[in-house]
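A.B. asks: One structure, as structure tokens, below. Some questions next.
The values are calculated or read from the model by the stated rules, or taken from the named source; none is laboratory data. Note that this is a predicted model, so its numbers are computed, not measured. Positions of Cβ are generated from backbone atoms using ideal geometry, with glycine treated the same way; all protein chains shown enter the neighbour counts. The accessibility values were calculated without ligands, DNA or RNA, using every heavy atom of the protein model including side chains. Shrake-Rupley method; radii C 1.70, N 1.55, O 1.52, S 1.80 Å.
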Amino acid sequence: MNVSDLLGQNMLEYVSRLIFNSESFTVPHDGWAIVTGMGGGAGGCKSYSPGNSAPWGVRAQAVYAGDQLAIAIGAGGAAVLAAASPALAGGSTVISLNGSVLMTCQGGDAGPASTTTASPVLATVVGGDYWRKGTAPKSNMNGLLAGGAAVDLGFGTEMGGGSAGDSSVNRSIGAGGAPKGFHFWPFNLTLTGNASGDIGMGSDPYEAKQAVFFGGGNGYTASGGQLVIYPAGRGGSSGRVEQVGGQAPRQGGDGLGYLRLYKRIGG
């Protein structure tokens, strides 16, 4: 079924774009808006397990010429540089129509004061027609949670290898994650591969690649240090960086938005 079938006959999509930074739009035609939002992922820390990735949601809304749509993108959680301090939560992405909030996509949950357990996944999306919760980190190194959490695109997530960040795409070495080639319609992105640096993959210090969209940031522990720390992808949480070595924890992945506008054509 096409979106035009859901919204009514003779509907033409005339705007379709990713939103990376906060923006406002004046709607030029009567019709429908389909808005998608994702919060920011939790930031990295030094001493404890990483925080969680962010939830995302979708909403369809009737709009009219002259309406004002605003999409405020939530920032990733700030990196915590002090020792023995938990990771900070990500910021909320808020979508409004004429000054009234349509949908709030909260940021990924803050991390726990623990090295071996994760925080509960509590962040929600308020006002969405459909939404998906974030995830807790899985990447394990020497019995400690190290890499950041990936965004769940609807198939769960897969644990990153060693200190690599968790992935949203299945790399064929474990369970969970969307299949390679899956088209993630809410953000109009296709998971084109299953190697580090591809969309949906977590950052990996071994391959010197960072997450692009949706993957967790890598991390390391004192018993297995790596040379380069890469940040999380959009909505993903950053990893734990216990050993200084010139490196420091990174900010969580910023949130993301998508805007689609439709107008009626013909009779």
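A.B. asks: What FRET efficiency comes out for the pair R264/T192, r = Cβ-Cβ distance, R0 = 45 Å, nearest 0.05?
C.D. replies: 0.85
A.B. asks: In the chain, what is the volume of the convex hull around the alpha carbon atoms, normalised per residue and reported in Å³?
C.D. replies: Each residue corresponds to 109 Å³ of Cα convex hull volume.
A.B. asks: With the crude spin-label approximation of a point 7 Å out along Cα→Cβ, what separation in nm comes out for A65 versus E13?
C.D. replies: Going by the 7 Å Cα→Cβ label model, 2.4 nm.
A.B. asks: Tell me the accessible surface of S22 in square angstrom (1.4 angstrom probe, heavy atoms of protein chains only), to the nearest ten.
C.D. replies: Accessible surface of S22 is approximately 80 Å².
A.B. asks: While we're looking at this one, here's another question. For segment 20-63, take N as its residue count and report Rg(C-alpha) divided by 2.2 N^0.38 Å.
C.D. replies: Output field value: 1.77.
A.B. asks: Just the number, please: carbon plus sulfur as a percent of the accessible area of segment 46-105, 1.4 Å probe, no ligands or DNA/RNA counted.
C.D. replies: Roughly 60 percent, rounded to a whole number.
A.B. asks: Determine the sum of side-chain charges near F213: Lys and Arg each +1, Asp and Glu each -1, restricted to other residues whose C-beta is under 10 angstrom from that of F213.
C.D. replies: 0
A.B. asks: Taking the mean number of other Cβ atoms within 10 Å as a proxy for protection, how do you rank 130-140, 36-46 from highest to lowest?
C.D. replies: Averaged packing, sorted descending, gives the order 36-46, 130-140.
A.B. asks: Report the gain in length on full extension from S100 to N140: 0.36 nm times residue separation, minus Cα-Cα distance, nm rounded to one decimal.
C.D. replies: So the chain would gain 10.2 nm between S100 and N140.
A.B. asks: Rolling a 1.4 angstrom probe over the protein heavy atoms, how many square angstrom per residue are accessible across the chain?
C.D. replies: Accessible area per residue, the chain: 38 Å².
A.B. asks: Keeping all protein chains in position, work out how much accessible area L81 exposes to a 1.4 Å probe, and write it in Å² to the nearest 10.
C.D. replies: For L81, solvent-accessible area is about 110 Å².
A.B. asks: Roughly how many nanometres apart are two label points built 7 Å out from the Cα toward the Cβ at A208 and T116?
C.D. replies: 3.6 nm
A.B. asks: In deg cm²/dmol, rounded to 500, what helix-only [θ] at 222 nm does the chain give when every DSSP H run of at least 4 residues adds -39500 (n - 2.57) and the total is split over its residues?
C.D. replies: The helix contribution divided over the chain gives -500 deg cm²/dmol.
A.B. asks: Moving on. Any chance you could look up the accessible area of D109 with a 1.4 Å probe, heavy atoms only, rounded to 10 Å²?
C.D. replies: Solvent-accessible area, nearest 10 Å²: 30 Å².
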